[in-house]
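The values are calculated or read from the model by the stated rules, or taken from the named source; none is laboratory data. In this text, all values refer to a predicted model and were calculated from it rather than measured experimentally. All Cβ positions, even for glycine, are placed from backbone atoms using ideal geometry, and neighbour counts span all protein chains on display.
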Amino acid sequence: MTKGNLIIVTAPSGAGKTSLVKSLVEGGDDLCVSVSHTTRPARPGERDGINYHFVSKDHFMDMLDQGAFFESAEVYDSHYGTSQIWVKEQLQDGKDVILEIDWQGAQQVRKLNPETCSIFILPPSLESLRERLEGRGQDDKDTIDRRMRQAVSDITHVAGADYIVVNDDFDTALADMRAIIRSWRLTVISQQFNKAELLASLGHD
């Protein structure tokens, strides 16, 4: 029997978090990604149940009151939350679960699960981050300015993570993330559970 690992991926908006996580999962790294609930409207091309579970604010608050979320946060006037039941089921099945969440949610998860691996993705510069946000063509100038201010604030919480990955070259950043996850799977705290029978046969208490 194996137990899955929790892996948090945090980044300021526009740093490339979603693209990197998508490539990790598609690369056959034995990972699954939690699909968060959110009250924000779907963006062009996003699909309910695939990118997010899009719900009303009333529905979200009902779930929050019922303790349905593993973590939750309010970002850019919208609410986000991770299903507690779903995450626990995946971990019990031995699957490694990636949580794409902000620093607020990361703090909540690490408080409850100190053994969680946390990766913070940074842009190579604030200038490049603005260029990426503008290149999306999804937000007006005021919204981009607000996202930039939030990004600066988010980056101040980088010390709460275990690893930093700078997304300058995408392939290099992806390789760095794969190396981090592989090394985390080999930590003593993970192996003590997943290799319990071997350790017992070797005389480890």
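Below, the figures for the structure above:
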item	result
Filter result (in contact (Cβ under 8 Å) with a residue 40 or more places away in the chain and under 13 Å from the mean Cα position of the chain (by Cα)) within region 72-82	Tyr80, Gly81, Thr82
Number of the condition not met by Asp140 [criteria: (1) out of contact with any strand residue (DSSP E or B) (no Cβ under 9 Å at 6 or more places or on another chain); (2) without any contact (Cβ under 8 Å) to a residue 40 or more places away in the chain; (3) surrounded by 12 or more Cβ atoms within 10 Å (Cβ to Cβ)]	(3)
Subset tally (residues that are out of contact with any helix residue (DSSP H, G or I) (no Cβ under 9 Å at 6 or more places or on another chain) and within 19 Å of Val166 (Cβ to Cβ)) for region 91-124	1
Near pairs, Cβ below 9 angstrom, 6+ apart or cross-chain, from region 46-59 (under 12 Å from Ser78 (Cα atoms) and at pLDDT 95 or above) to any residue that is surrounded by 15 or more Cβ atoms within 10 Å (Cβ to Cβ) and hydroxyl-bearing (Ser, Thr, Tyr)	Phe54/Thr38; Phe54/Thr39; Val55/Thr38; Val55/Thr39; Ser56/Thr39; Lys57/Thr39
